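Peer 1: Got a structure for you, questions after.
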Amino acid sequence: VEHDLVIRGGLVVDGTGAPGRRVDVAVSGGRIVEVGSIGSSTAQTIEADGRVVAPGFIDIHTHYDAQVFWDPTLSPSPLHGVTTVVGGNCGFSVAPLGESNAAYIPRMLARVEGMPVESLLTGVPWNWSSTEDFLRRLDGTLVPNSAWLIGHSTLRAFVMGEDGASGPATSEDLVQMKALLRDGLRAGALGFSSTWAQTHNDHIGRPVPSRYADADELIGLSSVVGEHDGTTLSFIATSREFSDEAMELMTAMSRAANRLLNWNSLNVQDGNEAFVAHQLSASDYARANGGRVVALASTGSRHAWMNFHSGFVFDALPGWDVFFAHAVADRIRVLEDPRARGELDRMAQTASGTLASVANWADYIIAETYSGSYDAYTGWTVGQMADDLGIGRFDALCEVIVADQLRTVLLRTNSDDSEETWKRRLAVWRDSRVVLGASDAGAHLDMIDGFAYTTGLLSAAVRERQLLSLEEAVHLITQRPSQLYGLRGRGVIAPGSWADIVVFDPETISPGVPSIRYDMPEGGGRVYSEPVGIEHVFVNGTEVVRGSVLADARPGRVLRSGRDSTTVFARPPGGES
Ligand SMILES: [Zn+2]
């Protein structure tokens with residue numbers, strides 16, 4: 001037997017964007033060893049006639065940090081063809097962990113990233129210490145490959161304690177944070193993440209620790225990243241339009257590290273041309289000033305389930321953070337009072353940028369109600385219901401959610417997917433200042449199906465709308481993210497590459513129907529979907545998915561910066577600094 005595996009007769013779309021070719025792919029020792037006409041004997045054969053053979057998809061923005069302990073398959077991502085994930089985004093890693101932050105991190109994470117807190121407290125041991133300890137713990141336990149960023153809020157709470165982290169850091173605090181970051185990067189963490197986004201609040205309604213950091217702290221920590229090979233930066237300066245200061249800060253961080261800085265997320269919606277152009281100009285500003293800044297754009301095909309109980313996203317509306325800092329009973333009293341209600345709506349309508357559409361009450365679909373009083377309106381939009389009742393839109397919304405004790409599930413869909421908007425989306429995906437992703441997989445579990453952005457792109461944008469070729473779409477979710485993060489030997493099908501491979505049916509591929517699945521520790525629920533058309537997924541040459549079934553194998557490598565990644569500089573080496 002010459003090869004471990006041969007995938008025969010499929011259309012190989014190799015990730016580079018080159019036209020697909022009908023050839024065989026041979027795998028041995030976890031690597032692709034030959035692409036062409038292969039006659040020799042093999043241990044395993046996959047007949048891929050009529051199927052596409054592509055590199056495994058690379059998801060650079062996930063929050064699987066806690067899930068690794070209760071679901072080492074990191075489902076549902078591998079089912080959707082994802083073979084490599086990056087975790088620890090937005091400043092929220094679970095390492096390093098010490099006495100000072102061990103109680104805080106799970107509660108903050110549960111709130112800010114929308115995970116059931118009971119599931120995190122009972123399903124995760126919370127007993128590691130350093131980043132090195134955390135990474136070692138994962139070696140040999142996971143289905144996909146994974147790489148991990150070190151989160152700023154986690155470092156801050158470790159050094160300053162839960163309460164201390166809601167204020168400025170002293171120079172001694174910063175020295176300690178830098179030392180922890182350095183240790184983690186040396187152990188192989190992929191980089192540093194942080195946030196100033198207005199949507200990022202902890203379980204008691206305070207901004208998360210990194211939002212109390214000043215520019216010097218962020219730039220100082222970024223400079224530590226520049227000391228280590230194969231590392232990167234991820235930072236959210238705001239969920240609103242970039243100010244000049246925000247552009248300068250992102251640039252200064254990138255410059256201090258001499259690394260690419262990735263910010264998220266850019267969503268193309270009806271009528272936000274000027275906003276998108278402005279946000280993308282941050283990359284031009286960085287380029288002109290010695291940095292490199294890239295936007296993480298969404299595929300635009302995700303749904304969001306929202307509610308006034310957790311309040312996530314709504315709490316970023318102007319003046320609404322105060323409202324959501326109140327307990328549920330107090331919030332209900334506010335919503336029952338016509339004057340207080342009117343004031344909330346007035347403030348909401350002043351939202352700008354990405355948040356403007358959050359206050360378009362008429363567009364929300366009433367997905368689930370609980371009181372029985374409004375069952376008849378399930379599946380209606382709030383606008384339709386308001387017209388039917390002959391009352392204002394926000395009033396109609398308040399009537400339902402008050403009756404439901406705020407638990408009403410509201411669904412946001414792409415009411416904006418006009419032909420024109422899809423064309424603008426495509427232009428953004430192709431832009432050299434952009435990388436595609438923003439799944440937030442593993443987070444906002446009651447809210448979004450972003451994990452399905454891969455199968456969503458291949459069905460909605462490629463097959464249904466024929467906006468772009470299969471070859472280009474595959475490139476955008478394989479080689480492109482791999483190159484921007486410097487991942488060695490991932491993202492293409494070529495001899496010598498790791499055998500991360502997806503075999504799918506281009507005629508049927510789709511994200512499947514999302515539903516809530518109650519399979520988390522303590523019975524917690526999450527949005528989940530099994531795709532259609534993904535037939536085989538291989539990680540490092542081992543089959544991990546067949547149809548919609550996850551295998552028992554755990555071939556995923558925990559990637560270490562430097563060893564498994566190369567440096568992506570902000571400025572090419574040798575150029576003037
Ligand atoms: Zn995130």
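The values are calculated or read from the model by the stated rules, or taken from the named source; none is laboratory data. Bear in mind the structure is a predicted one, so any value in this text is a computation, not a measurement. Note that each Cβ is placed from the backbone with ideal geometry, even for glycine, and that neighbours are counted across all protein chains shown. The accessibility values were calculated without ligands, DNA or RNA, using every heavy atom of the protein model including side chains. Shrake-Rupley method; radii C 1.70, N 1.55, O 1.52, S 1.80 Å.
Peer 1: Counting Lys +1, Arg +1, Asp -1, Glu -1, what net charge surrounds Trp498 among other residues with beta carbon under 11 Å of its beta carbon? Working shown, then result.
Peer 2: Working: positive: Arg31, Arg488, Arg490, Arg557; negative: Asp500, Asp564.
That works out to +2.
Peer 1: From Cα coordinates alone, what are the radius of gyration and Dmax values for region 68-135 in angstrom?
Peer 2: Cα radius of gyration and Dmax of region 68-135 are 12.6, 38 Å respectively.
Peer 1: Provide, in order from the shortest bin, the percent of all Cα-Cα pairs of region 480-572 in each 10 Å bin, continuing until the bin that contains the maximum pair distance.
Peer 2: Final binned percentages: 14, 30, 34, 19, 3, 0.
Peer 1: Still on this structure, please answer the following. Carbon and sulfur: what percent of region 266-328's accessible surface (1.4 Å probe)? It would help to have the intermediate numbers written out before the result.
Peer 2: Details: 1180 of 2150 Å².
Answer for region 266-328: carbon and sulfur cover 55 percent of the accessible area.
Peer 1: Output the 0 to 90 degree angle, nearest 10, between the alpha-carbon long axis of helix 338-348 and the longest principal axis computed from the alpha carbons of the chain.
Peer 2: Tilt relative to the chain: about 40 degrees.
Peer 1: Nearest-5 percent of antiparallel DSSP beta bridges in region 1-74? If you can, show how the numbers build up before the last one.
Peer 2: Details: 11 of 18 bridges.
Of those bridges, close to 60 percent are antiparallel.
Peer 1: If you build the convex hull over the alpha carbons only and average its shadow over all orientations, what do you get for the chain? Give it in nm² to one decimal. Let's see the in-between values first.
Peer 2: Working: hull surface 100.4 nm².
Over every viewing direction, the Cα hull of the chain projects on average to 25.1 nm².
Peer 1: What FRET efficiency comes out for Gln466 versus Ala288 if R0 is 35 angstrom and r is the Cβ-Cβ distance? Round to the nearest 0.05. Intermediate values should be presented prior to the final figure.
Peer 2: Working: r = 37 Å, r/R0 = 1.05.
The formula returns an efficiency of 0.45 here.
Peer 1: Heads up, I need the accessible area for Phe158: 1.4 angstrom probe, whole protein in place, Å², nearest 10.
Peer 2: Phe158 exposes around 60 Å² with every protein chain in place.
Peer 1: If you wrap a convex hull around the alpha carbons of region 115-194, what volume per residue comes out, as a whole number of Å³?
Peer 2: Taking only Cα atoms, region 115-194 has a hull volume of 120 Å³ per residue.
Peer 1: Return the distance in nm (one decimal) between the two label points of a simple spin-label model at Ser373 and Ser548, each offset 7 Å from Cα along Cα→Cβ.
Peer 2: With each label point 7 Å from Cα toward Cβ, the separation is 3.7 nm.
Peer 1: About its Cα centre, what dipole magnitude does region 455-577 give when the only charges are +1 on Lys and Arg Cβ and -1 on Asp and Glu Cβ, stated in debye to the nearest 20?
Peer 2: Values: 13 positive and 14 negative charges, 102 e Å.
My answer is approximately 500 debye.
Peer 1: Something else: Would you work out the charge dipole size for region 70-170 about its Cα centre, treating the Cβ of every Lys and Arg as +1 and the Cβ of every Asp and Glu as -1, and quote it to the nearest 20 debye?
Peer 2: Dipole about the Cα centre, nearest 20: 140 debye.
Peer 1: Among residues other than Asp564 whose Cβ falls under 11 Å from its Cβ, what is the net charge (Lys/Arg +1, Asp/Glu -1)? It would help to have the intermediate numbers written out before the result.
Peer 2: Values: positive: Arg488, Arg490, Arg557, Arg560, Arg563; negative: Asp229.
Charge balance in the 11 Å sphere: +4.
Peer 1: Over region 43-122, with the other protein chains present, what is the accessible area per residue in square angstrom, probe 1.4 angstrom? Please report the intermediate quantities before stating the final value.
Peer 2: Numbers: 1710 Å² over 80 residues.
Heavy-atom SASA per residue in region 43-122 reads 21 Å².
Peer 1: Compute the normalised compactness of region 374-474: alpha-carbon radius of gyration over 2.2 N^0.38 Å, N being the residue count. Walk me through the intermediate numbers first.
Peer 2: Values: Rg = 18.1 Å, N = 101, 2.2 N^0.38 = 12.7 Å.
Taking the Cα Rg and dividing by 2.2 N^0.38 Å, one obtains 1.42.
Peer 1: If you don't mind, another one. Going toward the positive end of the dipole of the chain, with +1 on Lys and Arg Cβ and -1 on Asp and Glu Cβ, which of Gly36, Gly123, Ala441 do you reach last?
Peer 2: Gly36
Peer 1: If you don't mind, another one. Taking the Cα centre of the chain as the origin, how large is its charge dipole in debye, to the nearest 20, when only Lys and Arg (+1) and Asp and Glu (-1) carry charge on their Cβ atoms?
Peer 2: Values: 47 positive and 71 negative charges, 256 e Å.
The dipole magnitude comes to about 1220 debye.
Peer 1: Once you list every other residue whose beta carbon is under 13 Å from the beta carbon of Pro106, what net charge do they have if Lys and Arg are +1 and Asp and Glu are -1?
Peer 2: Counting the neighbours of Pro106, the net charge comes to -4.
Peer 1: Mind checking the angle between helix 273-288 and the chain's longest principal axis? C-alpha axes, 0 to 90 degrees, to the nearest 10.
Peer 2: Result, in degrees: 60.
Peer 1: Highest first, please rank the peptides 430-438, 474-482 by the mean number of other Cβ atoms sitting within 10 Å of their residues.
Peer 2: Per-residue mean Cβ counts within 10 Å order the peptides as 474-482, 430-438.
Peer 1: Working with all protein chains in place, sort Asp449, Asp395 by solvent-accessible area computed with a 1.4 Å probe, largest first.
Peer 2: Values: Asp449 15, Asp395 65 Å².
Accessible-area ranking of Asp449, Asp395, largest first: Asp395, Asp449.
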